[in-house]
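Everything below concerns the one structure shown next.
The values are calculated or read from the model by the stated rules, or taken from the named source; none is laboratory data. All of these numbers come straight from a predicted model, not from anything done at the bench. Positions of Cβ are backbone-derived with ideal geometry, glycine not excepted, and every protein chain shown enters the neighbour counts. Note: areas computed on protein heavy atoms with side chains; ligands, DNA, RNA excluded. Shrake-Rupley method; radii C 1.70, N 1.55, O 1.52, S 1.80 Å.
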Amino acid sequence: EQLRCGGVIEAVRMCRDSYPSRFTHGEFTSTFAGICKGPARQGGDPRAVCQAIAAEFGIDPKSYRLGKTMVLLKREVIDRLEEVRKE
């Protein structure tokens, strides 16, 4: 009850629903293009490479947002990409 009144539960729920991981297009491509096998590995326009990485890993469009300068990812997406990168 005390956590609910203090707003802690609501803050945790909002954090889960948001996109806590943020990368510029360049950071995202330099970090994750190396684990790709397809066109993302060839480079080019960083925004297009970000889209290619998302397509190659079958990332649900609701789990990430691709802006003009940044990629926003939900926690489960970044966890999955990091697991693949470690292998």
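Data overview
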{"item": "Residues located in the range 56-65, provided they are over 20 Å from Val84 (Cα atoms) and touching a residue at least 40 places away in the same chain (Cβ under 8 Å)", "result": "Arg65"}
{"item": "Check on Thr24, of a type in the set (Val, Ile, Thr) and in contact with a strand residue (DSSP E or B) (Cβ under 8 Å, 6 or more places away or on another chain)", "result": "yes"}
{"item": "Given (1) in contact with a helix residue (DSSP H, G or I) (Cβ under 7 Å, 6 or more places away or on another chain); (2) within 25 Å of Glu87 (Cβ to Cβ), index of the condition Thr69 fails", "result": "(2)"}
{"item": "Residues that are surrounded by 16 or more Cβ atoms within 10 Å (Cβ to Cβ) and among the β-branched types (Val, Ile, Thr), drawn from the range 28-87", "result": "Thr29, Ile35, Val49, Ile53, Ile59, Val71, Val77, Ile78"}
{"item": "Some residue of the range 71-81 being under 26 Å from Arg13 (Cα atoms) and part of a loop (DSSP other than H, G, I, E, B)", "result": "yes"}
{"item": "Pick from the range 6-27, criterion modelled with pLDDT of 90 or more and in contact with a Ser or Thr (Cβ under 9 Å, 6 or more places away or on another chain), ranking: most open to solvent (accessible area, probe 1.4 Å)", "result": "Thr24"}
{"item": "Some residue of the range 29-39 being in contact with a strand residue (DSSP E or B) (Cβ under 6 Å, 6 or more places away or on another chain) and aromatic (Phe, Trp, Tyr)", "result": "no"}
{"item": "Selection from the range 67-87 of residues that are touching a His at 6+ places or on another chain (Cβ under 8 Å) and either farther than 18 Å from Gly34 by Cα or of a type in the set (D, E, K, R) (or both)", "result": "Thr69, Met70"}
{"item": "Residue match in the range 44-53 (condition: touching a residue at least 40 places away in the same chain (Cβ under 8 Å) and not aromatic (Phe, Trp, Tyr))", "result": "no"}
